[in-house]
Amino acid sequence: MSRITLYHSPQTRSSGTLVLLEELGADYDLELINMKAGQQRQPAYLAINPMGKVPAIRHGEALVTEQGAVYLYLADLFPRAGLAPALDDSLRGPYLRWLVFYGSSFEPAILDRALKRDPPPPAMSPYGDYDSVIRTLAAQLEQGPYLLGGRMTAADVLWGSALSWTIGFGVVPKLPVFERYVELVTARPAFARVRERDEQWAAEHARAAEAKVP
């Protein structure tokens with residue numbers, strides 16, 4: 001199997017993808033993007049992702065961007081890791097639902113809340129309203145311990161990462177069900193390894209960006 005290349009910037013959305021690669025036991029290479037220095041807006045990276053976002057992965061001839069697609073691609077690529085329900089598994093539908101719900105409903109809702117913007121009219125809103133998004137997610141996690149009950153999947157890597165930083169930034173309430181879930185998922189060794197490496201890379205990127213300031 002071809003090695004995977006992850007385009008990664010520390011302490012960003014791509015950190016969860018790095019955790020997922022660790023959980024999958026994948027062989028991968030890293031291309032570090034210094035967002036503090038603006039490398040994500042340079043032609044070299046815009047050729048990878050014109051949106052200037054991470055994560056992005058390359059696997060052979062396949063180039064994959066967008067968080068949900070990256071998680072789906074990687075988890076399916078390593079079926080032995082057991083982080084993706086098979087096509088004939090009854091959990092496959094709910095698994096897809098919650099991976100897509102993150103980008104289609106959760107992120108738009110929390111960004112509107114963080115920026116103090118009014119949500120779109122109900123007929124135009126991609127997520128309905130913020131309170132409904134939070135209630136829906138909390139109700140699902142109450143069935144725990146993981147998003148799909150007793151089985152951990154790649155969706156938990158995504159949501160564990162996301163809830164950790166959104167609660168930290170105060171755009172998601174500190175509900176007991178959320179805190180319990182974040183503690184469970186992020187206590188895994190893969191999260192600790194990535195957190196330690198990210199802290200080192202982030203410090204190096206900050207120093208490099210400062211050195212370029214006149």
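Observations on the structure shown:
- Cα centre as origin, Lys/Arg/Asp/Glu Cβ charges: the chain dipole, Debye: 340
- Mean residue ellipticity (222 nm) of the chain, computed from DSSP H runs ≥ 4 via -39,500 (n - 2.57), nearest 500: -15000 deg cm²/dmol
- Non-local lysine pairs in the chain, meaning eight or more places apart or on different chains, with alpha-carbon distances under 25 Å, amount to 5.
- Cα centroid of the stretch 196-210 to Cα centroid of the stretch 108-140, whole Å: 33
- Local electrostatic count at GLU210 - Lys and Arg +1, Asp and Glu -1, tallied over other residues with Cβ under 12 Å: +2
- For the stretch 1-67 versus the stretch 144-175, the spacing of their alpha-carbon centroids is 22 Å.
- The residues packed around ALA190, meaning those with a beta-carbon under 14 Å from its beta-carbon, carry a net charge of -1 if Lys and Arg are +1 and Asp and Glu are -1.
The numbers here are math on the coordinates, done by the rules we state, and not lab data. Since the structure is predicted, the reported quantities are computational estimates derived from the model, not experimental observations. Because the Cβ atoms are built from the backbone with ideal geometry, glycine has one as well, and the counts that use them run over all protein chains shown.
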